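Every read-out reported here was derived from the displayed coordinates using simple, explicitly stated rules and does not represent laboratory data. As the structure is a prediction and not an experimental result, all values here were calculated from the model. All Cβ positions, glycine included, derive from the backbone under ideal geometry; neighbour counts span all protein chains shown.
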Amino acid sequence: MVETKGATALVTGANRGLGRAIVEALLARDVRKVYATARRLETLTDLATDPRVVPMRLDLVDAGDVAAAAAAAGDVTLLVNNAGSLEFTDLLGGDLTAIHADLNTNYFGTLAVTRAFVPVLQRNGGGAIVNLLSLVALGAVRAMGGYSVSKAAAASMTQAVRAQVADLGIAVHGVFPGAVDTDMIRAFDMPKTSPQEVADAILDGVEAGEEDIFPDAMSRAGHQAWRHDPKALERQMASI
């Protein structure tokens, strides 16, 4: 169990949507410092008005960026892997380049950042890793097959890393949100939860020591359906 108060956090994809909401929620909970990262530094300007925020360039698929971030942010105790890619691509007829883009960011990029920061967390006496996954990791959506696969891979990676760091004092949390009201899925006509509500629920789950966090009504209902009948959730998600 990790307290966010007094922690030093790094949040990827902090310039908008859920990432920005997580940064704001961390600040409201009195973190000591937040490294707010994005591919373009200029998108973090307004967050940097708080002296506890350190803007940082970080492209998950750039090995040089990842190494530089780990070297510069050596005091991190809470890593939030939020940055993601969503290409609306079906697996059979879609562009393979788009499918690769989702995998490169959501799986390989998240893994690269995790690998770089586990030694940092270990040197600092432990801490927590929070991986933003998705309900589609449990039930794929056809129109975003590449994204679903990448999030399922990231969910499996989360479990594998959790086992590897179990003796290092590092907690690993997987977050499985449903529809969140961000630019990423603005075109979908469905009930959505605000990023602020989801961010608070994520941090509540981290502080409570929940390994798998379902931070909104849709994800909680999906989780219950999956536990009761995984095939029912599969069919439900496939119908979206």
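When a footprinting reagent is the concern and you count Cβ atoms within 10 Å, what order do HIS173, HIS100 take, fewest first? Intermediate results must be reported in sequence, preceding the final value.
Numbers: HIS173 23, HIS100 16.
Arranged by neighbour count, lowest to highest, HIS173, HIS100 become HIS100, HIS173.
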Neighbour-count ranking [beta-carbon atoms within 10 angstrom, fewest first] of MET218, MET144, MET1: MET1, MET218, MET144
Residues SER150, SER156, sorted so that the one with the fewest Cβ neighbours within 10 Å comes first: SER156, SER150
Antiparallel DSSP beta bridges within region 1-133, as percent of all bridges there, nearest 5: 0
Sequence-separation-based contact order of region 104-234, relative, with Cα cut under 8 Å and 6+ spacing, percent: 25
Under 27 Å from the Cα of LYS5 - lysines, other chains or at least 8 residues apart: LYS33
Listed values (1) 19.6, 72; (2) 16.8, 49; (3) 18.5, 56, entry calculated as Rg and Dmax of the Cα atoms in Å: (2)
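So if I place +1 on the C-beta of Lys and Arg and -1 on the C-beta of Asp and Glu, and nothing else carries charge, what would the dipole magnitude of the chain be about its Cα centre? I want it in debye, nearest 20.
Details: 21 positive and 28 negative charges, 49 e Å.
The calculated dipole for the chain is roughly 240 debye.
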Relative contact order %, the chain, counting alpha carbon pairs below 8 Å whose residues are six or more apart: 20
Those residues of region 111-128 whose amide nitrogen sits under 20 Å from the label point placed on GLN159, 7 Å along Cα→Cβ: 111-112, 114-115
Cα centroid of region 20-48 to Cα centroid of region 100-144, whole Å: 19
Choice from LEU58, LEU121, LEU91 showing the highest fluctuation, given a GNM over the chain with Cα pairs closer than 10 Å: LEU91
Partners for LYS231 among lysines (Cα-Cα distance below 23 Å; same-chain residues under 8 apart left out): LYS151
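Going by the alpha-carbon gyration tensor, a ≥ b ≥ c the square roots of its eigenvalues, is region 107-234 rounded (a/c under 1.5) or, if a/c is not under 1.5, prolate (a/b greater than b/c) versus oblate?
Working: a/c = 1.77, a/b = 1.63, b/c = 1.09.
Prolate shape, in that a/c is at least 1.5 and a/b is the bigger ratio.
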